[in-house]
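Worksheet for the structure shown next.
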Amino acid sequence: MQTRPAAQHMGSGPLLVSGQGIYEESSTQRFILGTRLQVGERVFRYAVTNGAQTAGIIAQAPTLGGATTTLQTTQAVTVAAPIGATDVYVNALTTAQAADLFADGWASIFDASATACFLYLVRKNTALATSGTTSYITLYDELHIALTTSDQVSLITNPYKDVVAVSSATTLTGAPMGVPPVAITDNYYFWLQTWGPCAILPSAALDFDEYVTMSDTNAGYVEADAASANTMSIGRVLHIGTASEASIVYLMLAP
């Protein structure tokens, strides 16, 4: 059974969480994906990887938002739903999507009449067919608006489900999610660091007056944001780093 950690650890030393420590990996799931763990100044989220991961190199969210073949975005609502409903009827785009693929993922619902959008956590989903009116997602919360067939839904899986290694230094295929503190085996569960002092590999020397962003020369590395074509800062320098050797960055992704 997946659980939440019993308590946060606010001290400065390492923590052996009941069931799995931050320097361990597991072939079986022991906590709910996305579970937050704080160890001193460092914050971790429980994740599972799709492909091996290297310690000190950034992992990103799954490609295509975790969907099969096609990003599931702006799907038309196929059956009108009243306020208070938890089932939202949608079809898959291009390729059928497996049952519960989006469980504990996110649904962004576009209300066409108000030109507004709202976010809901997905509890589960049926297998989503590419046509018909029987496929649906089930939300944890009741709808606070009525839906019509003019409205749309965009879906992603839990972003900590099947994180992948960054494959390109020039084009991200998913949002940066965190840094593995140890090497991780394909399909294993682990604590992914998302905030606080972090050992991470730089593609060029760093200095104290710099923020860092994703490197545009070495996939999964960092570099000074002023030296990169990328513009999203993901941390600041705590220790002057030598190219391709360990540096210490104050990571700022998910506090």
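Readers should treat all values here as calculations from the given coordinates under stated rules, not as data from a laboratory. What you see is a predicted model, and the numbers here were worked out from it, not measured in a lab. Cβ: placed from backbone, ideal geometry, glycine included. Neighbour counts: every protein chain shown.
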Between Pro180, Pro82, Pro202, which gets the highest mean-square fluctuation from a Gaussian network model of the chain, Cα cutoff 10 Å?
-> Pro82
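Express in nm, to one decimal, how much length is gained between Thr94 and Ser233 on full extension, taking 0.36 nm for each residue of separation and deducting their alpha carbon distance.
Numbers: separation 139, 0.36 × 139 = 50.04 nm, distance 3.45 nm.
Additional length available on full extension: 46.6 nm.
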What is the Cα centroid distance between region 154-198 and region 138-153, reported in whole angstrom?
-> 30 Å
Over the Cα atoms of the chain, compute the convex hull volume and normalise it per residue, giving Å³.
-> 139 Å³
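Which order results if Cys117, Cys198 are arranged by neighbouring Cβ count within 10 Å, fewest first? Walk me through the numbers on the way to the answer.
Numbers: Cys117 13, Cys198 26.
Ascending number of Cβ neighbours within 10 Å: Cys117, Cys198.
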FRET E, pair Glu142, Ala80, Förster distance 22 Å, beta-carbon r, rounded to 0.05 = 0.90
Express in whole angstrom the spacing between the alpha-carbon centres of region 88-103 and region 203-255.
-> 37 Å
If you plug each phi of region 147-162 into the Karplus form 6.51 cos²θ - 1.76 cosθ + 1.60 with θ = phi - 60°, what whole-Hz ³J(HN,Hα) values come out, in order, with x for Gly and Pro?
-> 10, 10, 6, 8, 8, 9, 10, 10, 10, 9, 6, 3, x, 9, 9, 6
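Taking 0.36 nm per residue of sequence separation and subtracting the Cα-Cα distance, how much length would be gained by fully extending the chain between Thr70 and Asn187, in nm to one decimal?
On the way: separation 117, 0.36 × 117 = 42.12 nm, distance 2.18 nm.
Stretched out fully, the Thr70 to Asn187 stretch lengthens by 39.9 nm.
Can you order the peptides 41-53, 133-145 by their average number of other Cβ atoms within 10 Å per residue, highest first? Can you show the working numbers first?
On the way: 41-53: 20.8, 133-145: 15.5.
With the highest mean Cβ count within 10 Å placed first, the list reads 41-53, 133-145.
To make sure I understand, if each residue's beta carbon is the centre and we count other beta carbons within 10 Å, what order do Val212, Val153 fall in, fewest to most? Provide the component values of the computation, followed by the final result.
Working: Val212 28, Val153 24.
Placing the least packed residue first, the sequence is Val153, Val212.
If R₀ is 22 angstrom, what is the calculated FRET efficiency for the pair Phe208 and Ala243, using the beta carbon separation as r and rounding to 0.05?
Details: r = 16 Å, r/R0 = 0.74.
Between Phe208 and Ala243 the formula returns 0.85.
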Simple Cβ-charge dipole of region 113-249, Lys/Arg +1 and Asp/Glu -1, about Cα centre, in debye nearest 20 = 500 debye
